[in-house]
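The values are calculated or read from the model by the stated rules, or taken from the named source; none is laboratory data. Computed from a predicted structure; not experimentally measured. No Cβ is skipped: glycine too gets one built from the backbone with ideal geometry, and neighbour counts run over all protein chains shown.
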């Protein structure tokens, strides 16, 4: 009886889980995160005067919510996966967290007309996105 249970569990793990390969959730989370993160500076280009800030803030807030959900996916994978998959997911979570922090700083600096702070945060956001995309390439090679 115990042998049949072991075979059943092993079968579920390797067949239904995806053959023992890392979760496809990572790729979807990375794509969603990057798209949301890139929407923030694009929305900023639409700000021509103070009255445009409300529209920018709506876009930035919605993007930050989507980014936060994807950050949680990376954190879950860092916990649920094993070995190199877990390490890569943890790296992704760190990049995603840094990107979120940078996006918040960018949004706040832009709404307060602090151009130098906004430019610095935008560079950090871009760096975090690039790091996340490089991490995704590592994940795809697993």
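The test for being in contact (Cβ under 8 Å) with a residue 60 or more places away in the chain and at negative phi does not hold for residue 64. Taking the criterion of being surrounded by 17 or more Cβ atoms within 10 Å (Cβ to Cβ) and without any contact (Cβ under 8 Å) to a residue 60 or more places away in the chain, the residues of region 30-43 that qualify are 36, 39, 43.
Filtered by the rule that a residue be part of a helix (DSSP H, G or I) and either without any contact (Cβ under 8 Å) to a residue 60 or more places away in the chain or within 23 Å of residue 118 (Cα to Cα) (or both), region 77-87 gives 77, 78, 79, 80, 83, 84, 86, 87.
All conditions but one from (1) in a helix (DSSP H, G or I); (2) without any contact (Cβ under 8 Å) to a residue 60 or more places away in the chain apply to residue 92; the one that does not is (2). Quick check on region 114-124. Is at least one of its residues modelled with pLDDT under 95, exposed (fewer than 13 other Cβ atoms within 10 Å of the Cβ) and not in a helix (DSSP H, G or I)? The answer is no; no qualifying residue exists. Here residue 129 fulfils each of the conditions (1) farther than 20 Å from residue 23 by Cα; (2) in contact (Cβ under 8 Å) with a residue 60 or more places away in the chain; (3) over 15 Å from the mean Cα position of the chain (by Cα) apart from (3).
Within the option set 65, 104, 47, being assigned to a loop (DSSP other than H, G, I, E, B) and surrounded by fewer than 18 Cβ atoms within 10 Å (Cβ to Cβ) holds for one residue only, 47.
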